[in-house]
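This report refers to the structure that appears directly beneath it.
The values are calculated or read from the model by the stated rules, or taken from the named source; none is laboratory data. Note that the coordinates shown come from a computational prediction; the quantities given were computed from them, not determined experimentally. Cβ: placed from backbone, ideal geometry, glycine included. Neighbour counts: every protein chain shown. Protein only, heavy atoms only, side chains kept; ligands, DNA and RNA dropped before computing areas. Shrake-Rupley method; radii C 1.70, N 1.55, O 1.52, S 1.80 Å.
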Amino acid sequence: EHAGALLRELIDPAPGPDGSAPAAARSLHVGVVTTDMGTGGFPVQTCAHPVDGDDGALQTGGRLEGCADSYVSPGCEGGCPWLAHTAEHPDDGRDPTNPPIWDDLGCVASLGTGGCGTEQQLEAGLAALTTQAAPGGANEGFLRQDSVVAVLFVTDEGDCSQDEPDFWNPARDGLGPFGVRCVSNLGLLHPVERYVEGLRALRPGREHLVLAAAITGLPDDREPGSIALEDVWEVLAPVIDPEELNRTLPICDSAAGSARPAPRIAELVLRLDHEGVLGSICDENWSETVAAVARAIQRRLD
């Protein structure tokens, strides 16, 4: 539902208070990736592919009742692994025989909270747009040279992007309890700078065309836009549960469950744009955050 609202606003922008509407997106490529980058080859419960996981490859499977088995776009042999909106294939709901792109996205993007629990959101996003988008990669053709690049993280966990060979070795006791290895060993994680530079490099000389936004765990008492870059690690610092040393305390709770803070993701968002959009996954209504993401993209289209 929320993803659909974002795409509808980009394709058919609503007029503002003064009656003028932002620029509409004439062409969209929309891809979905999971956070699963494997576990270094070590068997970990819930992680079906321990070597590489999904490795940033775009997902195509329909995951809800009534969805198709697979969603692909024309233009590639066997179909391109992304959703597309173009003049030739508008996919905007006007054709009653063709579900609109926002319905298709709801089917593909409903990943749930199961799957591999060793989340590497930043590394998966970068891989999707670099190694996997290169010639011969699973996502080849997804990026266009003149497009705005918008990355939206939706997650209830913090990022643990790293390539330490034994990080997920259950027998490596020196890294501490398995459930808190990420927050106990921040020095072993890739620096956030890796992702700032990696995303900006997608548009050399036009870095303003790259943005990130996030819907993650935020404090319940925060005001929209109140977290500044210099405050990220103070406001969103993970805290290990003193009564259960194998987990961190949630930063917010909702009817759907609780969420842990994601300071590395928030840092990336705000380093790419000091006015970057951060919304709470614990909010019952994401409409304000989704609208802010749409406006951030539309400013770059203008």
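Just add up the charged neighbours of Ala291: K/R +1, D/E -1, any other residue whose Cβ is under 15 Å from the Cβ of Ala291.
-3
Express the C-alpha Rg of the range 202-247 as a ratio against the empirical globular expectation 2.2 N^0.38 Å, rounded to two decimals.
Compared with the compact-globule rule of thumb, the range 202-247 sits at 1.68.
Helix 287-301 against the longest principal axis of the chain: what's the angle in degrees, Cα atoms only, rounded to the nearest 10?
It works out to around 60 degrees.
If one computes the Cα centroid of the range 24-84 and of the range 125-146, what distance in Å separates the two points?
13
Counting only protein chains, not ligands or nucleic acids, how are Glu77, Glu244, Glu275 ordered by accessible area (probe 1.4 Å), most first?
The ranking, largest first, comes out as Glu77, Glu275, Glu244.
Tell me whether the range 166-236 comes out rounded, prolate or oblate; compute the Cα gyration tensor, take square roots of the eigenvalues as a ≥ b ≥ c, and use a/c under 1.5 as the rounded threshold.
Oblate shape, in that a/c is at least 1.5 and b/c is the bigger or equal ratio.
Can you show me the helix-derived [θ] at 222 nm for the chain, built from DSSP H runs with n ≥ 4 at -39,500 (n - 2.57) apiece and divided by the number of residues, rounded to the nearest 500.
Calculated from helices alone, the mean residue ellipticity at 222 nm is -6500 deg cm²/dmol.
Given contacts defined as C-alpha pairs under 8 Å and at least six residues apart, what's the relative contact order of the range 1-80, whole-number percent?
17
Separation of the range 150-208 and the range 251-302 by C-alpha centroid, Å?
18
What do you reckon, how do Trp286, Trp82 stack up by accessible area (1.4 Å probe), largest on top?
Ranking Trp286, Trp82 by accessible area, largest first, yields Trp286, Trp82.
How large, in percent, is the carbon and sulfur part of the accessible surface of the range 1-94 at a probe radius of 1.4 Å?
Heavy-atom surface of the range 1-94 belonging to carbon and sulfur, 1.4 Å probe: 50 percent.
Apply the a/c threshold of 1.5 to the C-alpha gyration tensor of the range 241-295 and tell me whether it is rounded, prolate or oblate.
The shape class here is oblate.
Which trypsin sites (Lys or Arg not before Pro) in the range 1-106 pass both tests, a DSSP loop state and at most 15 other beta-carbon atoms within 10 Å?
Arg26, Arg63, Arg94
Which of the three applies to the range 60-164, rounded, prolate or oblate, going by the alpha-carbon gyration tensor with a ≥ b ≥ c and a/c under 1.5 meaning rounded?
oblate
If you roll a 1.4 Å probe over the heavy atoms of the protein chains, what accessible area per residue do you get for the chain, in Å²?
51
Computed over the Cα atoms, what is the radius of gyration of the chain divided by 2.2 N^0.38 Å, N being its residue count?
1.00
Please report the carbon-and-sulfur percent of the accessible area for the range 156-298; probe 1.4 Å, protein heavy atoms only, DNA, RNA and ligands left out.
The C+S portion of the solvent-accessible surface of the range 156-298 is 48 percent.
What angle, in degrees between 0 and 90 and rounded to the nearest 10, separates the Cα long axis of helix 263-272 from the longest principal axis of the Cα atoms of the chain?
For 263-272 against the chain, the angle is about 40 degrees.
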